[in-house]
Amino acid sequence: MVERSFLFLFISRVARSIALVYVSLSIPLYLSLLGLSVINVGLIVFGVIAFYSLLSLGLGLLGDRYGYKKSLIIGDILPLFGITALSFTSNINLIIPLLIITGIGGGASGGLRGVWSPGLSALVASNWRDEKERVKKLGYLSSGASSASVIGSLLLSLQSLIHKPPLEEYRMLFAIAAILMAISVISILFVEEAKRPKKTTKIMGKKSFSYILRVIASNTVNGAGIGLAIPLLPLWFKLAYHVTESQIGLVFTISYLLTSLGSALASKVRGNTLFIASITRLLNGVFLIAMALSPSFTMAAAFYSLRGFNAGIGAPNRTAVNVRGISAEDYGAATSIQGISTRVAQLSSGASGYLMDVWLPLPEIAGGILQVAGGYIYYSLLSRVKSE
């Protein structure tokens with residue numbers, strides 16, 4: 001039953017990806033259209049990430065005790081509510097608190113944006129115990145979600161073809177995104193969950209905690225880099241190269257296609273899983289720096305697309321490594337805390353707008369340097385676990 005219900009989990013991630021990728025790409029541009037400065041947009045993203053970090057911890061603890069499926073459902077109902085509301089109003093005084101309490105419009109807008117939510121990594125780890133099988137399943141989910149992300153970015157590219165006032169165009173597509181989020185919630189209802197060990201600790205055992213501290217150290221550095229470089233990236237492209245929403249959407253479309261290809265190949269890449277996970281994280285930073293220093297939009301788009309392919313290979317391998325040293329009864333809490341360490345570090349997005357105001361390439365360069373450091377730290381710390 002667990003194996004057969006994987007299809008419903010796959011459908012959920014596909015529908016969720018289309019919806020959240022469109023929303024993630026649109027929110028910075030939409031807020032700018034409503035008259036907010038780049039600094040204020042960065043501060044709103046800061047609020048979204050801060051609230052969602054607290055929510056993620058609660059959903060992880062809930063999953064360990066009552067099932068990760070419930071965590072997934074709650075984690076999708078909130079953005080469903082938020083996106084639905086966005087389709088009805090353009091009142092900035094309502095939109096700002098709405099974005100924050102429903103957790104939409106914050107974090108990375110990459111091709112893997114829609115696949116991850118509190119409970120997903122824990123559910124896959126719980127249902128499939130063999131590491132190679134986990135990488136395979138996560139590769140399928142990542143590939144499917146990043147392929148679907150293409151549709152989300154295309155919605156942004158084709159938005160101008162609707163021939164309505166800009167605010168109405170956004171609201172119409174927010175309504176489509178809300179329908180897709182509803183499909184995601186319904187699909188999760190049919191997902192089966194393997195029987196797990198009974199929870200014997202309040203939060204997690206010492207062995208699990210010792211392992212995740214290593215992951216957290218790297219995630220914190222890497223997350224700070226993502227926060228500086230990625231959440232405002234659609235707006236960064238517009239300001240740096242004076243391009244249209246259609247051109248921005250096309251860049252993300254190509255990147256997501258390559259992310260999908262990378263995810264599909266993740267389980268076929270031979271070598272040490274930890275090394276692959278580490279080097280791809282490091283290269284994510286290298287591509288960001290190269291993008292920031294590119295003299296033309298075409299060159300910057302090419303580097304970002306290559307980063308998408310690299311991220312697609314790395315994500316399933318990192319997820320498998322991240323649960324390697326965790327007790328089965330602690331999957332929910334441990335994966336949530338790992339995710340929170342990344343999201344809390346992404347609060348650096350609050351500084352992204354200020355850095356852009358100082359010098360446009362600065363947030364991408366600083367973010368890239370931090371991601372390079374994060375990849376090195378990841379391998380350095382986790383490679384010691386075996387010898388110990």
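The values are calculated or read from the model by the stated rules, or taken from the named source; none is laboratory data. The structure displayed is predicted, hence computed values, not measured ones. Neighbour counts are summed over all protein chains in view; Cβ atoms, including those assigned to glycine, are modelled from backbone coordinates with ideal geometry. When the accessible area is computed, the model is the full protein with side chains, heavy atoms only, and any ligands, DNA or RNA have been set aside. Shrake-Rupley method; radii C 1.70, N 1.55, O 1.52, S 1.80 Å.
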Problem set entry | Pairwise Cα inverse-distance average, inverted: Kirkwood Rh of the stretch 1-192 (Å) | 16.9
Exercise. Largest first, how would Leu233, Leu283 line up by accessible area (1.4 Å probe)?
Worked result: Leu283, Leu233
For this session: Counting only chymotrypsin sites (Phe, Trp or Tyr not before Pro) that are in a DSSP loop and have at most 14 other C-beta atoms within 10 Å, tell me the longest site-free stretch of the chain.
Result: 191-358
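With a 1.4 Å probe and all protein chains left in place, how much of the accessible area of the chain comes from carbon and sulfur atoms, in whole percent?
Details: 10380 of 15000 Å².
C and S atoms contribute 69 percent here.
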Seminar exercise, completed: Out of Ala175, Ala320, Ala15, a Gaussian network model of the chain with alpha-carbon springs under 10 Å gives the largest mean-square fluctuation to Ala175
Seminar exercise, completed: In degrees rounded to 10, the 0-90 angle between helix 166-188 Cα long axis and the longest Cα principal axis of the chain is 10
Exercise. Which shape class, rounded, prolate or oblate, goes with the stretch 205-387 when its Cα gyration tensor gives a ≥ b ≥ c as root eigenvalues, a/c under 1.5 marks rounded, and past that a/b bigger than b/c marks prolate?
Worked result: prolate
Exercise. How far is helix 92-102 tilted off the main Cα axis of the chain, in degrees rounded to 10, range 0 to 90?
Worked result: 10
For this session: Using DSSP to define loop residues, name the trypsin sites (Lys or Arg not before Pro) in the stretch 255-295 whose beta-carbon has at most 10 other beta-carbon atoms within 10 Å.
Result: Arg270
Exercise. For the Cα atoms of the chain, what angle does the longest principal axis make with the long axis of helix 331-345, in degrees from 0 to 90, nearest 10?
Worked result: 30
For this session: Could you pull the accessible area for Ile92 with a 1.4 Å probe, rounded to 10 Å²?
Result: 40
Seminar exercise, completed: For Arg214, Arg16, Arg65, the accessible-area ranking with a 1.4 Å probe, largest leading, is Arg65, Arg214, Arg16
Seminar exercise, completed: Per-residue ellipticity at 222 nm attributable to helices in the chain (runs of n ≥ 4 DSSP H, -39500 (n - 2.57) apiece, nearest 500 deg cm²/dmol) works out to -26000 deg cm²/dmol
